[in-house]
Amino acid sequence: MIKQAVIVAGGLGSRFGNRTKEMPKGFIEIDGVPMVERSVQKLIASGIEEIIIGTGHCSEYYDELAKKYHIIKTVRNDNYANTSSMGTLAVCAPLIKGDFILLESDLIYDSVGLKVLINDERKNVILASGKSNSHDEVYLAANADGVLNEVSKDKKIIPEPAGELVGITKISKSCLDKMMKYYKSDSSLIKLDYENALKHVSTEMEEPVYVHKIEYYAWTEIDDESMLERAVTQIWPRIQENESLWNVRREVLLNPGPSTTTDSVKYAQVVADICPRELEFGNLMEEVATGLTEVCADPKDYISVMFGCSGTGADEAMVSSCVPPDGKLLVVDNGSYGARLAKIASVYNIDMDVFKSSTYEPIDLKALENQMKSKKYTTFAIVYHETTTGLLNDLATICPMAKKYGMTTICDIVSAYGGMPIDLGKLQIDFATSTSNKHIGGMAGVGFVVCRKSELLKQKDWPMRNYYLNIYDQYKYFLETKQTRFTPPVQTFYALRQAIIETKVETVEKRFERFTACWEILVKALDEIGLKMLVDRKYQSHFITAILIPETPKYSFNDLHDYAKSFGFTIYPGKLGNIDTFRIANMGDIKPEEMTHFTCVLRDYMHSIGVC
């Protein structure tokens with residue numbers, strides 16, 4: 001799996017004259033986005049976790065870009081004026097850990113090129129196109145097996161080229177090491193381009209580099225004003241048209257899960273078939289588990305145990321696994337999901353008391369503490385964000401209180417995880433459940449429990465209440481084999497990996513800001529329309545808003561649902577038996593402008609039934 005990319009961006013861009021005198025040419029904008037930034041976005045969408053940019057001229061531009069995309073690392077080639085692309089690659093080399101994608105900074109290109117290289121089973125592959133008519137072509141020659149054996153701008157040297165150099169290449173670590181060995185072997189190679197280093201390795205050092213040609217590939221390098229004009233008028237429109245064919249119809253899910261996903265998460269599932277018992281897939285699951293833990297806890301103290309299931313499956317794993325054989329559970333029920341925790345415990349005949357609380361008002365902390373004071377409970381269970389209503393429980397106060405009375409804390413954080421900053425250690429939560437299909441932005445199918453290791457190890461000798469969902473057994477087996485005990489949802493894990501990458505790029509803090517912006521747009525519209533919310537806004541999570549239905553017989557949830565659906569929005573009814581509501585969620589890949597559009601749709605429907 002390719003996790004790193006390197007962009008060589010040390011050049012002066014002198015052919016642009018004044019345009020690039022005080023700006024790298026990679027920052028020339030096409031349709032409002034700098035070329036290099038668009039490349040960064042495409043690399044992230046292709047599953048790249050770290051991007052190294054070798055800089056030189058006006059390097060501060062790239063340093064600023066790295067602040068926006070913190071997966072970028074910049075390395076300056078201080079001798080950029082006297083070296084070429086291989087010199088810039090050389091300063092990046094110490095940071096390269098394995099196979100990687102190498103790109104030039106002054107390209108616009110169809111994303112399919114990245115897909116082709118990443119999916120090619122060969123280790124070293126240089127992307128080529130058919131005739132480009134760019135008037136600055138670099139030709140590639142290959143032998144009968146497709147192995148690169150010549151690079152030149154002179155058509156006389158390569159009269160029948162295998163293709164034209166695009167500027168995107170997949171390179172193995174062993175190939176890079178040989179490129180570096182060659183580059184350092186002779187000081188006269190200081191002006192060497194990376195493609196000529198690749199040719200030398202391919203022909204002289206027994207490391208074949210293959211040419212993969214896409215005949216009608218849409219791309220161009222941009223070195224001067226005429227090439228920029230050609231890019232804007234001819235190539236960019238082709239790229240837009242080609243890439244639009246990959247777009248999945250946009251449906252904005254305003255229901256509380258599963259949530260709207262990015263196209264890149266959807267397409268991450270399209271991978272070569274793999275047996276989940278292969279080490280490669282075990283490494284992927286281990287990477288995903290660590291990524292899930294990092295969202296809410298320190299991996300030194302916590303570990304994520306994953307199952308093929310929903311969030312409720314994870315809840316069942318937690319409740320049935322984490323109460324000692326002779327223990328007693330205290331469950332807070334202030335909504336359907338707290339009630340579900342209690343129901344799971346009752347199914348397993350776990351000794352339990354239920355603390356009932358209002359579904360739309362804060363928990364009475366004094367009454368809850370009085371219940372805890374009996375000291376007869378070993379375990380305390382609560383939901384962080386009650387998805388029924390949008391009520392956010394004060395776990396920063398409640399969980400330390402439970403710990404004060406000696407209880408292990410087990411929490412459903414399904415609808416809060418990944419949407420707001422959470423630190424399980426600071427909250428004093430020992431076990432927390434979530435799922436792949438809510439704020440984290442993956443596809444449905446993976447439930448997981450983030451476990452404090454010291455508490456998990458206490459379960460070692462406990463008799464198993466369940467089989468498939470036993471946390472300790474799943475943890476122990478994975479620790480020993482890098483496999484789950486039973487067949488995992490393979491493709492869903494690839495999508496979840498991509499979702500974790502995109503969460504890290506955006507950051508949970510920025511994601512919470514985005515969800516809050518959507519919530520504020522919704523709340524403002526509800527005030528203007530005259531609709532009331534079930535939960536006082538100061539106790540709301542900003543993720544779920546339960547809205548009281550209007551007092552008119554003309555209102556029909558089904559009519560509202562169908563009207564919203566005609567505009568690409570899916571909404572959800574309420575879940576409180578004695579209070580009629582409908583719910584609007586801010587989860588997943590929802591954008592403020594989409595919430596603004598939805599509020600217009602909601603206003604139109606309400607106007608049609610005489611509410612506003």
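Quick notes on this structure:
- In the stretch 444-486, the qualifying residues are those that are among the aliphatic types (A, V, I, L, M) and surrounded by 20 or more Cβ atoms within 10 Å (Cβ to Cβ), and the one that is nearest to the chain's Cα centre (by Cα) is V446.
- Selection status of I108, surrounded by 21 or more Cβ atoms within 10 Å (Cβ to Cβ), at negative phi and in contact (Cβ under 8 Å) with a residue 40 or more places away in the chain: yes
- Within the stretch 160-187, residues that are under 23 Å from I96 (Cα atoms) reach partners that are open to solvent by 50 Å² or more (accessible area, probe 1.4 Å) with beta carbons closer than 6 Å, at six or more positions or on different chains, in the pairs S172/K123.
- The residue list G10, G32, G17 contains one member that is among the small types (G, A, S), over 29 Å from the mean Cα position of the chain (by Cα) and either crowded, with 23+ Cβ neighbours inside 10 Å or at pLDDT 95 or above (or both), which is G10.
- The single residue among N143, N119, N149 that is open to solvent by 20 Å² or more (accessible area, probe 1.4 Å), polar (S, T, N, Q) and closer than 30 Å to W246 by Cα turns out to be N119.
- Checked against (1) modelled with pLDDT of 95 or more; (2) over 21 Å from E241 (Cβ atoms), E22 passes all but condition (1).
- Scanning the stretch 404-435 for residues that are aliphatic (A, V, I, L, M) and open to solvent by 10 Å² or more (accessible area, probe 1.4 Å) yields V414, M420, I422, L427.
- Per the listing L560, L526, L531, the residue uniquely surrounded by 14 or more Cβ atoms within 10 Å (Cβ to Cβ), hydrophobic (A, V, I, L, M, F, W, C), in contact with a Phe, Trp or Tyr (Cβ under 9 Å, 6 or more places away or on another chain) and modelled with pLDDT of 95 or more is L560.
- Residue that is under 18 Å from the mean Cα position of the chain (by Cα), buried (at least 17 other Cβ atoms within 10 Å of the Cβ) and either under 26 Å from T487 (Cβ atoms) or at pLDDT 95 or above (or both), where the choices are V319, V323, V270, V265: V265
- Taking the conditions (1) without any contact (Cβ under 8 Å) to a residue 24 or more places away in the chain; (2) crowded, with 23+ Cβ neighbours inside 10 Å; (3) among the hydrophobic types (A, V, I, L, M, F, W, C) in turn, L89 satisfies each one other than (1).
- Members of the stretch 291-312 found to be open to solvent by 50 Å² or more (accessible area, probe 1.4 Å) and closer than 16 Å to T492 by Cα, listed by number: S310
- Qualifying residue in the stretch 603-611 (condition: of a type outside the set (G, A, S), within 26 Å of E386 (Cα to Cα), touching a helix residue (DSSP H, G or I) at 6+ places or on another chain (Cβ under 7 Å) and not in a strand (DSSP E or B)): no
- Some residue of the stretch 334-347 being under 30 Å from R583 (Cα atoms), buried (at least 17 other Cβ atoms within 10 Å of the Cβ) and among the β-branched types (V, I, T): yes
- Looking across the stretch 364-379 at every residue that is at pLDDT 95 or above and open to solvent by 20 Å² or more (accessible area, probe 1.4 Å), the one that is nearest to T545 (Cα to Cα) is identified as D364.
- Pairs, first part of a loop (DSSP other than H, G, I, E, B) in the stretch 56-76, second basic (K, R), C-beta under 7 Å, six or more apart: G56/R76; S59/R76; I71/K504
- Residues of the stretch 206-251 classified as β-branched (V, I, T), closer than 29 Å to F16 by Cα and crowded, with 20+ Cβ neighbours inside 10 Å, total: 4
- Answer residue from the stretch 572-608, given it is β-branched (V, I, T) and at pLDDT below 95 and is most open to solvent (accessible area, probe 1.4 Å) among those: I579
- Options L148, L228: the member that is out of contact with any Gly (no Cβ under 6 Å at 6 or more places or on another chain) and assigned to a strand (DSSP E or B): L148
- Candidate set: the stretch 59-83, residues that are of a type in the set (A, V, I, L, M, F, W, C) and buried (at least 19 other Cβ atoms within 10 Å of the Cβ); chosen: the one farthest from D193 (Cα to Cα): L65
The values are calculated or read from the model by the stated rules, or taken from the named source; none is laboratory data. Just so we're clear, the structure is a prediction, and the values are computed from it rather than from any experiment. Note that we place each Cβ from the backbone using ideal geometry, even for glycine, and neighbour counts take in every protein chain shown. Keep in mind that these areas ignore ligands, DNA and RNA; they rest on the heavy atoms of the full protein, side chains included. Shrake-Rupley method; radii C 1.70, N 1.55, O 1.52, S 1.80 Å.
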